[in-house]
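Asks: Structure in structure tokens, see below.
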Amino acid sequence: MKTLRLILGDQLNHKHSWYKNDDADTLYFVVEMRQETDYTRHHIQKVVAFFEAMEAFVDWLRDQGKKVVYYKLDGKNNTQKLGTNIAALIEDRGIDKFEYQLPDEYRLDEQLRQLADDLSVETEAFDTEHFLTGRDELKEFFEGKKSLLMESFYRHMRRKHDVLMHKNGKPEGGKWNYDQSNRKKWKGKPDIPHEKGFRKDVRKTVKRIQDAGVKTIGKIDPLNFNWPTTRSDSLKVLRYFCDHLLVHFGDYQDAMDPEEVYLFHSRLSFAMNSKLLQPLEVIDTVIEHWEANKGDIEISQVEGFVRQILGWREYMRGIYWKEMPGYRRCNRLDNQRNLPDFYWSGDTQMNCLHHAIRNSLDHAYAHHIQRLMITGNFALLLGVHPDQVDAWYLGIYIDAIEWVEMPNTRGMSQFADGGLVATKPYVSSGSYIHKMSNYCEGCRYRVTEKTGEDACPFNSLYWNFLAEKREYFEGNQRMAMMLSTLDKMDSDQLAALQSHAREILRSPDRY
Ligand SMILES: Cc1cc2nc3c(=O)[nH]c(=O)nc-3n(C[C@H](O)[C@H](O)[C@H](O)COP(=O)(O)OP(=O)(O)OC[C@H]3O[C@@H](n4cnc5c(N)ncnc54)[C@H](O)[C@@H]3O)c2cc1C
Ligand code: SF4
């Protein structure tokens, strides 16, 4: 039976059982398409990373002796749409059966289901064999429970997969979570090792994208492309993380610095989201390294890292599949303002935003706290419509795929789901940013001032947000302290803060 197997750009799993279960009549199909380059405006490095990774995966398949049809963006048979490409191949090659792996995005899931229904040949869908949970596992786990606390899901995952667990059923080190010790400010020491780079020449891929007229954002140095796009490079980044960065990962997980783009972060999200690396192999490698170096690496560094992958990553995917398709429309705080223009240029005098956005445009990267407490925080304080915030995050980051981008952005960062993911909104005044970073020292604004020309804009916006949304958050225990401070504030002081905030809201691009 002649079988056509589709491999999407984020399904580059070398360990998939497909590659052990095929024969001479199996034809693999990998395709670069305008439907994927154009569904949002992506960072140029993101498009390049996917195309490079797909090409390397095709090379690997061919090295294994597999038959592959590979359409590049400018291929003459490429119709640029999944449905028509597949229908034509089935016709031309006399295919009897079409097989695909379940996509992670709702958009593609619907498209492929519809396509499978329409095709006249037999079809079958397979798991991607990547995640540690099935699409509906989180939904089932929380069935009948009042809240969807990540922590309880995370503990369930630790037990289920026997990760960092003692034989007696207790967590390794005696505690489930070392979050409290993951909050140090980085003050120039310890030294941060240079990230593991690759200096790849990607000129051909960039030219192909530009010649096709694909509209992108951000910068690229085509002679020094720095992201891992093969399995062996991805494994090198993982090794580098274990050898040089893990030792301080947890301590400085929330720290920010204008000159340090990556600090002690792993830069593994693209490798995992494209499925070049499997989450369990990343976790196992890190734990093995820790076990061999227990005297040098504290458990808090390791647990902090494991929690991100075993906990947050699987949790976000579960929320996505539980809540879609309604999730993409939620806007519980009824935010309607526009994203400031400076999100696309970094041209703002607010030093923290300037650096977080410039990093994102230059490297297609910002670490979690920059995404949450700088760009996300400011957008929420402004009351930007979540559609616009989503579009920005979905485009700009190397790792941005909707299943993980949307619950993080709409849910965790913008509270648009009314508190499903985050139990309180992640908003802060300038003082949190000052506590966790070195941005304020070099800023035109003064973090200690609340009103007036030199006042840090985060300050008045923060109090204005609380005052405006007071009713909504009434009764939320995690907001009790913030609201009680608001209530104690002198009414003239609050009026002055809100008046200053209104000026910023009128024209944020002036700041
Ligand atoms: C507003 C916002 C949007 C985000 N959008 C994305 C996105 O589109 N794609 C994406 O992969 N991550 C997203 N994240 C989560 C996180 O910021 C990135 O995974 C991380 O910065 C990637 O860099 P790293 O590989 O160096 O991560 P590290 O800090 O080294 O963490 C290790 C790994 O843990 C996983 N991880 C950590 N935090 C999360 C999280 N909250 N959700 C899911 N996985 C997590 C990632 O796979 C990451 O590679 C977003 C976070 C926020 C606040
Ligand atoms: S003073 Fe305010 S705007 Fe400037 S860097 Fe600090 S927090 Fe950001």
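The values are calculated or read from the model by the stated rules, or taken from the named source; none is laboratory data. Just so it is clear, the structure is predicted and the values come from calculations on it, not from any experiment. Cβ coordinates were reconstructed from backbone atoms using ideal geometry, including for glycine residues, and neighbour counts include every protein chain displayed.
Asks: Within the stretch 164-199, can you find the residues that are surrounded by 16 or more Cβ atoms within 10 Å (Cβ to Cβ), out of contact with any strand residue (DSSP E or B) (no Cβ under 7 Å at 6 or more places or on another chain) and acidic (Asp, Glu)?
Replies: Passing the criteria: Asp179, Glu195.
Asks: Which residue, of Ile357, Ile374, is within 12 Å of ligand 1 (Cβ to nearest atom) and either closer than 25 Å to Glu468 by Cβ or not assigned by TED's automatic domain parsing to the domain that holds Ala49 (or both)?
Replies: Step by step, each of Ile357, Ile374 is checked, and only Ile374 is within 12 Å of ligand 1 (Cβ to nearest atom) and either closer than 25 Å to Glu468 by Cβ or not assigned by TED's automatic domain parsing to the domain that holds Ala49 (or both).
Asks: What is the number of the single condition among (1) more than 10 Å from ligand 1 (Cβ to nearest atom); (2) farther than 23 Å from Asn459 by Cα that Pro340 does not meet?
Replies: Condition (2) is where Pro340 drops out.
Asks: What do you reckon, is Ala366 modelled with pLDDT of 95 or more and not in a helix (DSSP H, G or I)?
Replies: So Ala366 passes the test.
Asks: If you don't mind, another one. For the stretch 30-48, enumerate the residues that are surrounded by 22 or more Cβ atoms within 10 Å (Cβ to Cβ) and either farther than 23 Å from Val389 by Cβ or modelled with pLDDT under 95 (or both).
Replies: Val31, Glu32, Val48
Asks: Still on this structure, please answer the following. Which of the following residues is at pLDDT 95 or above and more than 14 Å from Ile374 (Cβ to Cβ): Val404, Val389? Lay out the reasoning, then the answer.
Replies: Details: Val389 fails: more than 14 Å from Ile374 (Cβ to Cβ).
When all the criteria are applied, what remains is Val404.
Asks: Sticking with this one: Within the stretch 382-437, restricting attention to residues that are in a loop (DSSP other than H, G, I, E, B) and free of Cβ contacts under 8 Å to residues at least 40 places away in the same chain, which residue is surrounded by the most Cβ atoms within 10 Å (Cβ to Cβ)?
Replies: Looking at residues that are in a loop (DSSP other than H, G, I, E, B) and free of Cβ contacts under 8 Å to residues at least 40 places away in the same chain, I get Ser429.
Asks: Looking at Glu105, Glu122, Glu129, which one is in contact with a His (Cβ under 6 Å, 6 or more places away or on another chain) and modelled with pLDDT of 95 or more?
Replies: So the residue among Glu105, Glu122, Glu129 that is in contact with a His (Cβ under 6 Å, 6 or more places away or on another chain) and modelled with pLDDT of 95 or more is Glu129.
Asks: How many residues does the stretch 147-163 hold that are loosely packed, with under 13 Cβ neighbours inside 10 Å and of a type in the set (Asp, Glu)?
Replies: Going through the stretch 147-163 one residue at a time, the tally reaches 1.
Asks: Would you please list the contacts, defined by Cβ atoms under 8 Å and residues six or more apart or on different chains, that run from a residue in the stretch 30-47 that is assigned by TED's automatic domain parsing to the domain that holds Tyr397 and closer than 25 Å to His14 by Cα to a residue that is hydrophobic (A, V, I, L, M, F, W, C) and buried (at least 17 other Cβ atoms within 10 Å of the Cβ)?
Replies: The qualifying pairs do not exist here.
Asks: Of all residues being under 27 Å from His16 (Cβ atoms) and of a type in the set (D, E, K, R) in the stretch 278-327, which is surrounded by the most Cβ atoms within 10 Å (Cβ to Cβ)? Just the residue, please.
Replies: Arg307
Asks: Now for a separate question. With respect to Lys204, determine if the residue is more than 22 Å from the chain's Cα centre (by Cα), surrounded by fewer than 16 Cβ atoms within 10 Å (Cβ to Cβ) and over 30 Å from Thr40 (Cα atoms).
Replies: Details: more than 22 Å from the chain's Cα centre (by Cα): yes; surrounded by fewer than 16 Cβ atoms within 10 Å (Cβ to Cβ): yes; over 30 Å from Thr40 (Cα atoms): no.
Considered against the rule, which asks whether it is more than 22 Å from the chain's Cα centre (by Cα), surrounded by fewer than 16 Cβ atoms within 10 Å (Cβ to Cβ) and over 30 Å from Thr40 (Cα atoms), Lys204 comes out as no.
Asks: Given the conditions (1) in a loop (DSSP other than H, G, I, E, B); (2) within 16 Å of ligand 2 (Cβ to nearest atom); (3) crowded, with 16+ Cβ neighbours inside 10 Å, which single one is not true for Gly452?
Replies: Here Gly452 meets the rest and fails (3).
Asks: So which residues in the stretch 344-375 are crowded, with 24+ Cβ neighbours inside 10 Å and away from ligand 2 (no atom under 14 Å from the Cβ), if there are any at all?
Replies: Ser360, Ala364, Tyr365, Ala366
Asks: Ok, one more. With respect to Leu310, is the statement that it is within 15 Å of ligand 1 (Cβ to nearest atom), modelled with pLDDT of 95 or more and more than 17 Å from Val389 (Cα to Cα) true? Walk me through it before giving the result.
Replies: On the way: within 15 Å of ligand 1 (Cβ to nearest atom): yes; modelled with pLDDT of 95 or more: yes; more than 17 Å from Val389 (Cα to Cα): yes.
Answer is yes for this residue.
Asks: A further question follows. Of all residues in the stretch 93-138, count the ones that are on the phi < 0 side of the Ramachandran plot and within 21 Å of the chain's Cα centre (by Cα).
Replies: Number of matching residues: 18.
Asks: Regarding Leu381, is this residue within 16 Å of ligand 2 (Cβ to nearest atom) and either at pLDDT 95 or above or of a type in the set (Lys, Arg) (or both)? If you could, list the steps in order and put the result at the bottom.
Replies: On the way: within 16 Å of ligand 2 (Cβ to nearest atom): yes; either at pLDDT 95 or above or of a type in the set (Lys, Arg) (or both): yes.
It is true that Leu381 is within 16 Å of ligand 2 (Cβ to nearest atom) and either at pLDDT 95 or above or of a type in the set (Lys, Arg) (or both).
Asks: Any residue at all in the stretch 257-266 that's buried (at least 21 other Cβ atoms within 10 Å of the Cβ), touching a helix residue (DSSP H, G or I) at 6+ places or on another chain (Cβ under 7 Å) and either assigned by TED's automatic domain parsing to the domain that holds Met406 or under 22 Å from Ala53 (Cβ atoms) (or both)?
Replies: The answer is yes, given that some residue of the stretch 257-266 is buried (at least 21 other Cβ atoms within 10 Å of the Cβ), touching a helix residue (DSSP H, G or I) at 6+ places or on another chain (Cβ under 7 Å) and either assigned by TED's automatic domain parsing to the domain that holds Met406 or under 22 Å from Ala53 (Cβ atoms) (or both).
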